[in-house]
């Protein structure tokens, strides 16, 4: 006899920390759907509050402001409460490899501007699959996915 109970479905959340309104608009347009909520902050303290919400599947950080990126990397490295959240870093227009090296970011977690909606969707899914961002450590695979 089949059970009348259905498995619990939970909403996935993507948190974005960015000051670039065009990037925010694009991410919301591509990712927002009934199964995914996009929450946006324009600074690290506000983003940290959003990361404390349940069901955060991925963090997107716009690297257009290097100070914001460095602060976020520091928090991800030393804050146990958000250590398990995968991160996708969106690089500024025309940014090259030296920016990634300067910020200590892996090419696996970078999405350079301009990007297509499909590239964004693929990279968010890949970031969730690769696993949490841990500076200086190889990425792990997780079972979370959209």
Note: residue 70 to residue 116 extended length (0.36 nm per residue) minus current alpha-carbon separation gives 14.0 nm
What is the extension gain from residue 55 to residue 78, computed as 0.36 nm multiplied by their sequence separation minus the C-alpha to C-alpha distance, in nm to one decimal? 6.2 nm
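Readers should treat all values here as calculations from the given coordinates under stated rules, not as data from a laboratory. The structure displayed is predicted, hence computed values, not measured ones.
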